[in-house]
Amino acid sequence: MAQLSTNYAVDAGIATITLTREDNKNALSVELLNSLGDNLQAAFADSTVRAVVLTNEGNTFCAGADLKGDRSQSPRYPLDALLDLIQSGSKPVLARIAGHCMGGGVGLAAACDLSIAADDCKFGFTEVRIGVAPAIISVVCLPKMRYGDAMELFLSGERISATRATELGLLNKAVPADQLDAAVRELLDKLLLGGPKALAVAKQLVNKVSGMDRSEAFKWTAQLSAELFASEEASAGIQAFRERRTPPWVPEQE
């Protein structure tokens with residue numbers, strides 16, 4: 001039986017996708033790309049799922065391109081399509097990074113809406129050291145980085161700590177490994193306080209507005225704002241605010 005590339009589980013409104021090819025350092029093989037894409041589609045289509053966690057088994061979150069695999073095969077979800085799927089999906093995707101990220105693995109982490117890594121993990125745009133460049137992943141990494149930092153790391157192929165990657169804007173937070181789960185849980189709890197439709201729109205705003213013409217952006221966001229204020233979700237949220245109670249979408253505390 002072929003080894004699964006990912007594991008998918010849903011619990012209490014959280015879909016967790018785990019990269020499980022520890023033997024291949026979770027490299028971006030055809031099988032892993034397809035499995036990850038299918039699981040993301042399932043999570044985005046499931047009305048019970050409020051947020052998605054992407055994580056890993058083993059000491060490597062993702063080693064990047066699968067240099068040992070059969071490059072004649074074409075995945076159903078090429079890397080560019082997969083990164084776009086993460087960013088265009090209707091639900092927040094949080095990376096729980098419990099292993100090293102190299103090359104395309106950095107792009108996978110950076111494409112996620114939020115990211116928390118164990119501080120003993122290493123990150124690197126190592127492509128130039130095998131004669132290629134971080135081309136596709138630059139689309140999701142460069143918006144998070146300063147020009148000088150990006151140029152240095154793209155050209156040098158240097159490996160950096162998770163703490164340094166956080167300082168550069170590639171990650172939201174780096175924490176000691178024994179605090180990783182608690183930090184992820186804390187952030188998920190905050191996400192669950194937001195209305196599902198409001199979260200989807202907030203994600204759109206961050207990904208789209210900075211690249212739009214200003215007048216076009218005002219027109220689009222004004223329409224979005226009017227639609228949100230007229231929605232049933234906003235009506236319920238505003239009513240809950242007035243009555244000093246939690247909105248209906250917030251999970252009950254156990």
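The values are calculated or read from the model by the stated rules, or taken from the named source; none is laboratory data. Just so it is clear, the model here is predicted, and its values are computed rather than measured. When we count neighbours, we look across all protein chains shown, and the Cβ atoms used for this are built from the backbone with ideal geometry, even at glycine.
Worth a mention:
- Among the residues making up region 120-157, those that are of a type in the set (D, E) and surrounded by fewer than 19 Cβ atoms within 10 Å (Cβ to Cβ) are D120, D149, E152.
- Within region 184-220, the residues that satisfy the criterion of being over 27 Å from V139 (Cβ atoms) and among the hydrophobic types (A, V, I, L, M, F, W, C) are L192, L193.
- Residue count, region 115-141 (criterion: of a type in the set (A, V, I, L, M) and in contact with a helix residue (DSSP H, G or I) (Cβ under 6 Å, 6 or more places away or on another chain)): 7
- Screening L170, L228 for residues that are surrounded by 15 or more Cβ atoms within 10 Å (Cβ to Cβ) and in the same structural domain as S115 (by TED's automatic domain parsing) leaves exactly one candidate, L170.
- Against the conditions (1) among the charged types (D, E, K, R); (2) touching a Leu at 6+ places or on another chain (Cβ under 6 Å); (3) on the phi > 0 side of the Ramachandran plot, R244 satisfies every one except (2).
- Top-ranked residue of region 173-183 - restricted to ones that are out of contact with any strand residue (DSSP E or B) (no Cβ under 6 Å at 6 or more places or on another chain) and in a helix (DSSP H, G or I), ranked as surrounded by the fewest Cβ atoms within 10 Å (Cβ to Cβ): D178
- Test for V250: is it free of Cβ contacts under 8 Å to residues at least 40 places away in the same chain and surrounded by 10 or more Cβ atoms within 10 Å (Cβ to Cβ): no
- Each residue in region 184-203 was checked for being within 15 Å of Q87 (Cα to Cα) and surrounded by fewer than 19 Cβ atoms within 10 Å (Cβ to Cβ), and 4 pass.
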